[in-house]
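S.K.: Sharing a structure with you now.
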Amino acid sequence: MARQVDLRSMLSVGRHALDPGRACEVAELVAAHPAMASELVACLWDDDPGVASRAADALERLTCERPKILSRWKDSLLGLLAEAKPKKVRWNLALIAPRLKLTPAECRRAAGVLNTWLDDPSSIVKTLALQGLADLTRQDASLLTSVVDLLRLYGRSGTPAMRARSRILLKSLERRR
């Protein structure tokens with residue numbers, strides 16, 4: 001790169017914490033320059049919830065195509081999963097965590113946190129916690145029965161988004177069983 005790029009400055013652009021700002025551009029930049037991933041991961045702990053939220057958004061976008069890029073920070077990300085407060089950070093971590101190569105114990109640890117998020121005030125956090133739980137079953141089949149039970153429950157009694165997502169996930173998981 002011709003000049004040094006400050007990812008934090010790029011991530012500070014946005015009208016409010018849920019505004020994606022330049023997250024897509026940041027994801028593309030880090031995909032092209034993987035050495036910048038550490039700077040992006042560090043932004044997850046930023047004091048500005050907007051920066052942290054947009055960093056989580058950029059990382060989620062990045063891990064869709066390149067999940068291994070975060071393997072170096074697996075322990076830190078699992079720790080953040082348990083302590084994250086901003087809802088946009090939570091919902092993106094719910095999607096990111098199952099993309100990491102996890103041991104069965106780490107899958108159960110992540111599942112434990114995602115289970116607590118089913119009581120979150122945010123419907124999208126709850127819905128993506130269900131998605132994360134379903135995705136974790138790909139790495140730890142021992143979670144499958146309890147996740148299917150949760151999906152059946154929230155498919156009847158959750159928010160409209162949870163009910164819709166539960167039905168979709170149940171079809172997919174029941175085909176695998």
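Here, each number is a calculation from the coordinates, and none is a lab measurement. Please read these numbers as outputs of a predicted model, since none were measured by experiment. Methodologically, a virtual Cβ is constructed for each residue, glycine included, from the backbone with ideal geometry; neighbour enumeration extends over all protein chains shown.
S.K.: Specify the inter-centroid distance of the range 15-55 and the range 118-142, based on alpha-carbon positions, in whole Å.
M.R.: Result: 23 Å between the Cα centres.
S.K.: Given Cα pairs under 8 Å that are at least 6 residues apart, what percent is the relative contact order of the range 1-133?
M.R.: Normalised by residue count, the contact order of the range 1-133 is 20 percent.
S.K.: Using the Cα centre of the range 1-101 as origin and beta-carbon charges of +1 (Lys, Arg) and -1 (Asp, Glu), tell me which of L70, V89, A17 is placed farthest towards the positive end of the dipole.
M.R.: Of the listed residues, the answer is L70.
S.K.: Over 5 Å intervals from 0, what percent of Cα-Cα pairs in the range 101-177 sits in each interval?
M.R.: 3, 18, 30, 25, 17, 6, 1
S.K.: Between Rg and the Kirkwood Rh of the range 20-177, both from Cα atoms, what is the Rg to Rh ratio?
M.R.: 0.97
S.K.: A 20 angstrom limit on the alpha carbon distance is what I want to check against. Which of K87/K171; K87/K126; K68/K171 exceed it?
M.R.: Among K87/K171; K87/K126; K68/K171, the Cα-Cα distance tops 20 Å for K87/K171; K68/K171.
S.K.: While we're here: What dipole magnitude, in Debye to the nearest 20, does the range 103-177 give about its Cα centre under +1 on Lys/Arg Cβ and -1 on Asp/Glu Cβ?
M.R.: Here the size comes out at about 380 debye.
S.K.: Take the eigenvalues of the Cα gyration tensor for the range 51-120, scale each by 5, and report the square roots as semi-axes in whole Å, largest first.
M.R.: Taking √(5λ) for each eigenvalue gives 17, 16, 9 Å, largest first.
S.K.: Over the Cα atoms of the range 1-101, what Rg and Dmax result, in angstrom?
M.R.: Cα-based Rg and Dmax for the range 1-101 come out at 12.2, 38 Å.
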